[in-house]
Structures are given as structure tokens and as C-alpha cells.
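Here is the structure we will look at.
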Amino acid sequence: MRTVTRCFSFGLSFSLFLLITPMLSAQQDEVIYDEAKIPKFTLPDPLTGPDGAKIETAADWEQKQRPWLLEKFETQVYGKAPPAPEKISYKVTESSDEVMGGKARRRQVAIQLTDDPEGPVLNLLLYLPKSKEPVATFFALNFYGNASIGSDPAVPLPTSWLRNNREKGVEDHKASEKIRGTSSSRWPIEMILDRGYGLATAYYGDIDPDFDDGFQDGIHPYFYEKGQTTPNPDQWGSIAAWAWGMSRGLDYLQRNPEVDGEKVIVMGHSRLGKTALWAGASDPRFAAVISNDSGCGGAALSRRRFGESVKRINTSFPHWFCDNFVQYNNNEDACPVDQHELIALIAPRPCLVCSAEDDRWADPHGEFLSAHYASPVYKLLGVGGLATDTWPKPNEPVLSRLGYQIRPGKHDVMKSDWENDLDFADRHVTGKAK
Ligand code: GTR
């Protein structure tokens, strides 16, 4: 069996897992919040090929193992996305060089997601520091529309379907003026610009509204074959659609000469952290990847079943992953891959995994272990792995090229998260810091 031939045979913390028992019945649905209750498991080894042979060179990784793993994530976890549309078409809908007291620029761009001019549009908001040179830029999707990230009155309200939310003034799935700035604590725009980076964002619901409607709305129907009404079991769910939409955003960013298209950092929180990881893994044009509290189906190891499990996530959010992923409900060991291999797919590019101490649902320790077990791939590719073997304490970020940080507090994006993200980008993307 692949999972046996590809298993790891090293690592102190991992061997401990092998010793830890009380085995839970595979059927048990109790949420595990205790390391001692994690069932015994064996992780697939990213550096063992499907035939059991060791991957010993960068060339074997790039030519054999990486494509094999990528295909497994495509067909078993997130679902295959279609190729990019043939034409890239976008329209600048608004532009100003006098933002934030004149120190920044703003661009708003409607990106056509399909070749159909009536098809869905990704409304991208881009803030840029005034700079003569193209700037490295963070690209992160948002949960409630571009107007929610700040107080800027020039940013229109989202028009796509939104989850109802009284505090944010969303009723009947439509935004109202009340939404403006309601997510601003997660978006320290001025700090990002002051550090010399651009910030691009777009509403994830522009790509695919985040509810289970059998994939009748959003981007999916535009790619159905004649007679097809829902994606095949190995075709894209919503996470893959959001990631694909990010690639379309990147198509535009790489054409804007104000942006350094070789230095676009994909970042995301929670379900959008899962999305950021998959976007970075599936689209090597992203220069670096940062996941924040991404949890199950993101950075956390599925086989640990700690906090949110594969069954839980597939039950609560049946539209996020491809239908093939459902066969791993209470059956994680049968999956040919685990999430450390998702991070390995990003190698040798910089990747920072971020956790929050109280965010146990997302399994912070499992997020760390994913980075830890992806490390051998970074080392094989000659860039050095995660610079620690032990789970760091909160507020002691390990900003190696494959990095990890945990902070105190809850499931959220905080200013301190962005400070680490910026420090990480300074070191590994722009080289502003060593
Ligand atoms: C939770 C879900 C998590 C995470 C989170 C979020 O309900 O269980 O996997 O994605 O939502 O995106 O906010």
C-alpha cells in the first residue's frame, strides 16, 4: 500500500505519535482535543515515490514526485480546475493617485473570469505605495467584499451573494453601507503600504458564493460539458474555484507594471488560508504563500483528526472539496496524501504557516507538524527547511524560508500576524531584511 511504502521513518515527535495509543474507533465522531486520543497513524513520506523508490534529486522531485502529488491533491482533495481562459480581459473601473493623503495609489479592476463577456467578474481592489519601481504585493481574498476591509468611500459595495450578517448589515444576501470597514481590524492597509508593499484583494463570493447549491451559481456552470450539471467527483469544489480565481487575479497583477509580478504573495485566513495554500501549490507563479489559521484541509495534518476532521468539514461544507474527498471521512489513512505534502508542493518557494493558540478547531500543533514534515523537501531542493524541530512557543516566530508562527489568542487575523507576514516577506521575497 502506498501509505505504507511512503511512510516516514524519522522524527522524534512523529515516533511519539506512533507510540501514543488509546485507539479511537475509526467510526467515532467525538471531536479530539487531546493529543493522547489521536489514533495511531502513519504519514505518507513526500520523498518516497508511488513505486516505493526514494526521491533523491531535485530533478526527480520536479519531474516525477511533484506532478504525482499534485495530481493526487487535484483528484482526491480539492478537485481539478479548468485551464485559464484563453483571453485575459479586464477593465480598470476606477483609479486614483491621491489616496491616504497622497502617499498611495488605488486601482479598481473588473477581471473577466471566463471568455463569456456576460460571465462572472472578479472585482479587484489594489492599493499601492507610491514608488518608482514595481512593488511586491500581497494578494488575499476577503470574506465580505472589498468595502468591508476599510473606510475608503471610493470602494463600491459588493454585488455578489453574501452570507447574511446582522452586525455587518447584510440582509437577503445583499450588502448595505453598514458593511463598510467592518473587517478593517484584519486589514492594516496603511501599515502594509508603509512597509513598501502593495495590497490586492477581492471578494471570494465573486468567484463562487460560499454555500452548497450543487454548483449552480458562481464559476462552475461556465465550465460544464454539454449535459453536465454538477462537477465530476474529481472536479473542482469551491476551494479550488477560489484558488483558480486567485490565479486569474494574478494574471492581471502580472500585467500591471506597477506591481512586481514575480513577487506576488498569496495570503489567506481560515477557509481562505486553505485557498491560499492550494493557490500557491497549484500555481507556481505565486512567489510565496502565507496561511493563517487554515486548519483542516489547509495546513493541519488530516490524519491527526484533531479538532475539525475530514468528516466534519465535508459534512458542514460539502461544497468546499471535490466529491472524491468524501471517501476519506473517518478514513483519513486511506488518502494517498496528507497536508504536509501540500506545503511540499510549494517548495522551494517561501511558505509561512501561522496558527493561533486558542484556535484548537484548526489544530495548531497539526499545522506546525505539516511544516515540519514538509521540511525534507525544502532541504532536498537546497533552500533549507523549517529552522526548528520543536513546536515554537507563542510569539516566537520562526521566519525561515519554510516558516511557522503561533500567537496567543483566537481564530482571527491580527495586526501582529501581518507584522510577521511583512517581516517574512522582507526576508524571503524582497530581501529587504536578512
Ligand atoms: C469554520 C470551518 C473551518 C474554517 C472556518 C473559516 O467553520 O470549520 O474549517 O474554514 O470556518 O473559514 O472561518
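Numbers below:
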read-out	value
Cα centroid separation, segment 243-297 to segment 42-69 (Å)	24
As computed over segment 77-178, the Cα convex hull volume per residue (Å³)	157
Packing rank of 264-273, 128-137, where each peptide gets the mean count of other beta carbons within 10 Å, highest leading	264-273, 128-137
For peptides 392-405, 286-299, sequence by mean Cβ density within 10 Å, most packed first	286-299, 392-405
Accessible solvent surface per residue of the chain, calculated while the other protein chains remain in place, 1.4 angstrom probe, Å²	40
Along principal axes, Cα extents of segment 226-302, largest first, whole Å	42, 36, 16
Volume of the Cα convex hull of segment 89-266, divided per residue and given in Å³	120
Rel. contact order, % - alpha carbon contacts under 8 angstrom, at least six apart, segment 89-266	25
Carbon plus sulfur fraction of accessible area for the chain, probe 1.4 Å, in percent	52
Antiparallel %, DSSP beta bridges [both residues in the chain], to 5	45
Restricting segment 214-266 to GluC sites (Glu not before Pro) in coil, as DSSP defines it, with at most 11 other Cβ within 10 Å	E225
Kirkwood Rh in Å, taken over segment 306-372 so that all alpha-carbon pairs contribute	13.2
Size-normalised alpha-carbon gyration radius of segment 151-250, reference 2.2 N^0.38 Å	1.29
Rounded to 5, percent antiparallel among DSSP beta bridges of segment 89-266	70
Cα-Cα P(r), segment 194-329, percent of pairs per 5 Å interval	2, 10, 18, 21, 19, 14, 9, 5, 2, 0, 0
Other-chain or far-sequence residues with amide H under 5 Å of G403's (modelled H)	C351, L352, V353
Segment 106-179 versus segment 302-343: alpha-carbon centroid distance in Å	30
Peptides 228-237, 365-374, 167-176 ordered by average Cβ neighbours within 10 Å, highest first	365-374, 228-237, 167-176
For the chain, convex hull of alpha carbons as volume per residue, Å³	142
Of I219, P209, F138, farthest towards positive along the dipole that unit charges on Lys, Arg, Asp, Glu beta carbons give segment 89-266	F138
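The values are calculated or read from the model by the stated rules, or taken from the named source; none is laboratory data. All values reported here derive from a predicted model rather than from experimental measurement. Counting neighbours? That spans all protein chains shown, and the Cβs are built from the backbone with ideal geometry, glycine included. Surface accessibility is based on the protein's heavy atoms, side chains included, excluding ligands, DNA and RNA. Shrake-Rupley method; radii C 1.70, N 1.55, O 1.52, S 1.80 Å.
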